[in-house]
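Student: Here it is: the structure, laid out below.
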Amino acid sequence: MAMKREYGQEQPYIPAGIFKIRLPFIHYRWEISECLQAILMCATCLGAIPVLEEVLGVPYEVAWSMVIINGFFYSMHALLGDPVVPGWITPAIPLVTAFLTLSEQGPARTQSLIALQLMVGIIFLFMGVTGLASKIIGAIPNAIKSGVLVGAGFSAIMGEFKDGGRAGMYPATVLIGSVIAYFLLFSMLFKKMKAKNKLWYMVGNFGMLPAIIIAVIIGPLSGELPPPNLVLGEVIKIPEFGAIMSTLSPFSIGFPGIGQFIAAIPTAISVYIIAFGDFVSSEQLLSAADEIRQDEKIDFNANRSNIISAIRNIVQSLICPYVALCGPLWAAVTASVAERYKDGRESMDSIFSGVGTFRWMTFICVALVPVASFVQPILPAALSLTLIVQGYVCCQIGLGMIKTDAERGIAGAMAGILAIKGAAWGLAAGVIVYILIYGNFKNPVVEEKASNA
């Protein structure tokens, strides 16, 4: 049995400096709902396979092995005391891909990715060790935070619905799945249904899982996706460490040159700007959950989250550089876990029991051959659903942070520029407009009266 906490205290842990070590079954219980969600939600993790194949030119088996290694590092957050479900730096993937395609596919492109991911990891580490991460989150005006979040939301949704996007390639699967996901996660009507009916309450406990199941059914029925192909001959996929080290590790192909590191600087800064929005999202999601659940004290530390993200990026850049990079938050699933957590201790004992169960189980599932083979056909649709839900969450949180007309105008203009021109342009535009309007870079002391119009 897992250790029990006293009312209003933190979940039990082993202290280790800034880290708070928690092991499943010992420091928190195993949540069945998150366990079941992870079985199919691992399809999104496996969705990195086609990206790795296309950008780095690696074969399927090597790309799959890279996903398994990345899945293991996901578990570090719950293990070391970060109460979130981590993920990719998803909105940065188009930016990273564009940067990498400037180099020829092969060792040169891989070295460019190594340089980029290593620099991103160093930025995370610097921000976490110096303590600047927490200070920056507190010091940046809400309008700017909102602009980053809403812009990231716009980028996620626009990417799916643009010409050539997955919503156009798999319209029935993506659109029906998105409607179901939105209804189950965010609908006020469904919340009332859950309160009155135990069946709907059970369905709601599974978060995005019903939407993924519908995608598995709709895809083949509509002819947009092939039917699942369950492979039962093998059980566990052992990562091909030898192939990865010989073709991707800088210890085999050589470390990037100074010129490659310099070329990666603008993209690395832009990536961190995007990732910064995840820290804001994490803080807001957990703060909202903490207000409702008075039985548990949730300790979210942006410095700790930065350091863990730094470790993941730096280590993976030296072992298996990852195009999606290593981000601090999977917004869609963290929101899903937080919503179920709000239902009370009987529903989910601790926030760590939810996020920890989910991430350990996704690591296990991406290595299981039957599971990976079953979800392989729906990988594009699962990735699309995740991005569309993430877009909603980013916009919901970002818009909820601002109260005045001036803040709404700044955030909206900044978000539009960020979504179209990129993170660096969006942040620069937001800072300039904010200073022009307020005359400084501080949160306004006296809020203007919000318009009722």
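The values are calculated or read from the model by the stated rules, or taken from the named source; none is laboratory data. Here the structure is a predicted model, which means the values were calculated and not measured. Virtual Cβ from ideal backbone geometry, glycine too; neighbours counted across all protein chains shown. Areas reflect the complete protein model, heavy atoms only, side chains present, ligands, DNA and RNA absent. Shrake-Rupley method; radii C 1.70, N 1.55, O 1.52, S 1.80 Å.
Student: Given the chain, what whole percent of its Cα pairs are spread farther than 39 Å? Don't jump to the answer; show the numbers that get you there.
Tutor: Details: 17193 of 102378 pairs.
Distances greater than 39 Å cover 17 percent of the Cα pairs.
Student: Which cysteines does the chain leave without a neighbouring Cys Cβ under 4.7 Å?
Tutor: Cys35, Cys45, Cys320, Cys326, Cys394, Cys395
Student: Please list, in order along the range 284-301, the HN-Hα scalar couplings obtained from phi with the Karplus expression 6.51 cos²θ - 1.76 cosθ + 1.60 (θ = phi - 60°), rounded to whole Hz, x for Gly and Pro.
Tutor: 6, 4, 6, 5, 5, 5, 5, 5, 7, 9, 6, 6, 10, 8, 9, 9, 9, 10
Student: Enumerate the amide H contacts of Glu296 below 5 Å, restricted to partners 5 or more residues apart or on another chain; note that Pro and chain-start residues carry no placed amide H.
Tutor: Correct list: Gly8.
Student: Here is a further query. Put one equal scatterer on each alpha carbon of the range 102-261, apply the Debye formula with no solvent term, and list log10 I(q)/I(0) at q = 0.11, 0.12, 0.16 1/Å to two decimals.
Tutor: For the range 102-261, the Cα-only Debye profile gives -0.92, -1.05, -1.17.
Student: Then there's this: Can you divide the C-alpha Rg of the range 350-442 by 2.2 N^0.38 Å and report the result to two decimal places?
Tutor: Numbers: Rg = 19.7 Å, N = 93, 2.2 N^0.38 = 12.3 Å.
Normalised Cα radius of gyration, the range 350-442: 1.60.
Student: Within the range 220-235, name every residue whose backbone N is under 12 Å away from a label modeled 7 Å from Cα of Ala172 along the Cβ vector.
Tutor: Within reach of a label on Ala172: 220-226.
Student: Okay, moving on. Express the Stokes-Einstein translational diffusion coefficient of the range 269-333 in µm² s⁻¹, to the nearest whole number, given a Kirkwood radius over alpha-carbon pairs, 4 °C and a viscosity of 1.567 mPa s.
Tutor: Working: Rh = 13.1 Å.
Taking Rh from Cα pairs, D becomes 99 µm²/s.
Student: Which order do peptides 143-151, 237-245, 222-230 fall in by mean Cβ count within 10 Å, highest first?
Tutor: On the way: 143-151: 28.6, 237-245: 15.2, 222-230: 13.3.
Per-residue mean Cβ counts within 10 Å order the peptides as 143-151, 237-245, 222-230.
Student: So what is the calculated 222 nm ellipticity per residue for the chain, using -39500 (n - 2.57) for each DSSP H run with n of 4 or more, over all residues, to the nearest 500 deg cm²/dmol? Before the final figure, lay out the partial values.
Tutor: On the way: 23 runs with 307 residues, N = 453.
Taken over the chain, the calculation gives -21500 deg cm²/dmol.
Student: Can you give me the P(r) profile for the range 129-168? Cα pairs, bins 10 angstrom wide beginning at 0, each as a whole percent.
Tutor: Answer for the range 129-168: a P(r) of 26, 30, 24, 17, 3 percent.
Student: Projecting each Cα onto the charge dipole of the range 147-290 (Lys/Arg +1, Asp/Glu -1 at the beta carbon, about the Cα centre), which of Val174, Leu199, Val235 comes out farthest on the positive side?
Tutor: The one lying farthest along the dipole's positive direction is Leu199.
Student: Considering amide H positions built from the backbone, and no H for Pro or chain starts, which residues 5 or more places from Lys20, or on another chain, come under 5 Å of its amide H?
Tutor: Gly81
Student: To continue, here is another question. Using a 1.4 Å probe and counting only protein heavy atoms, arrange Arg304, Arg408 so the residue with the most accessible area comes first. The partial results should precede the final answer.
Tutor: Working: Arg304 5, Arg408 95 Å².
Accessible-area ranking of Arg304, Arg408, largest first: Arg408, Arg304.
Student: I would also like to ask the following. Quick one: check the C-alpha center-to-center distance for the range 89-142 versus the range 1-55, whole angstrom.
Tutor: So the separation of the two Cα centres works out to 24 Å.
Student: Given a 1.4 angstrom probe, what's the average accessible area per residue across the range 314-423, in square angstrom?
Tutor: Details: 2640 Å² over 110 residues.
Result: 24 Å² per residue.
Student: Distance between the C-alpha centers of the range 298-328 and the range 185-239? Whole Å please.
Tutor: So the two Cα centres are separated by 29 Å.
Student: To continue, here is another question. Express the carbon and sulfur contribution to the solvent-accessible surface of the range 220-279 as a percent, rounded to the nearest whole number, probe 1.4 angstrom. Provide the component values of the computation, followed by the final result.
Tutor: On the way: 2320 of 3220 Å².
It is 72 percent, rounded to a whole number.
Student: On to the next question. Once fully extended, how much extra length lies between Leu23 and Phe255, figured as 0.36 nm per residue of separation less the alpha-carbon to alpha-carbon distance? Could the numbers behind the result be given before it?
Tutor: On the way: separation 232, 0.36 × 232 = 83.52 nm, distance 3.56 nm.
The span from Leu23 to Phe255 would gain 80.0 nm if fully extended.
Student: Turning to a different aspect of this structure: In a shell of Cβ-Cβ distance under 15 Å around Val231, excluding Val231 itself, what net charge do Lys and Arg (+1) and Asp and Glu (-1) give?
Tutor: Working: positive: Lys237; negative: Glu61, Glu234.
Surrounding charge for Val231 is -1.
Student: Obtain the nm distance between the two label points defined at Met202 and Asp299 by a simple spin-label model: each point lies 7 Å from its Cα along the Cα-to-C-beta direction.
Tutor: With each label point 7 Å from Cα toward Cβ, the separation is 3.8 nm.
Student: Still on this structure, please answer the following. Could you tell me which of Gln111, Gly165, Ala211 has its Cα farthest along the dipole of the chain towards the positive end, charges placed at Cβ (Lys, Arg +1; Asp, Glu -1), taken about the Cα centre?
Tutor: Of Gln111, Gly165, Ala211, it is Ala211.
Student: Where does the Debye-calculated log10 I(q)/I(0) of the range 202-265 sit at q = 0.19, 0.26 Å⁻¹, using only Cα point scatterers of equal weight, no solvent?
Tutor: -0.84, -1.10
Student: Given a 1.4 Å probe and the protein chains all in place, what does the accessible area of Met3 round to, in Å² to the nearest 10?
Tutor: Answer for Met3: close to 90 Å² accessible.
Student: Once you have all Cα-Cα distances for the range 319-396, histogram them in 5 Å bins from zero and send the whole-percent values.
Tutor: In whole percents, the pair-distance histogram is 3, 12, 16, 22, 24, 15, 7, 2, 0.
Student: Taking 0.36 nm per residue of separation and subtracting the Cα-Cα distance, what length does fully extending Phe72 through Val179 add? If you can, show how the numbers build up before the last one.
Tutor: Details: separation 107, 0.36 × 107 = 38.52 nm, distance 3.14 nm.
Gain in length upon complete extension: 35.4 nm.
Student: Return the carbon/sulfur percentage of the accessible area of the range 1-120, one whole number, probe 1.4 Å, all protein chains in place.
Tutor: 67
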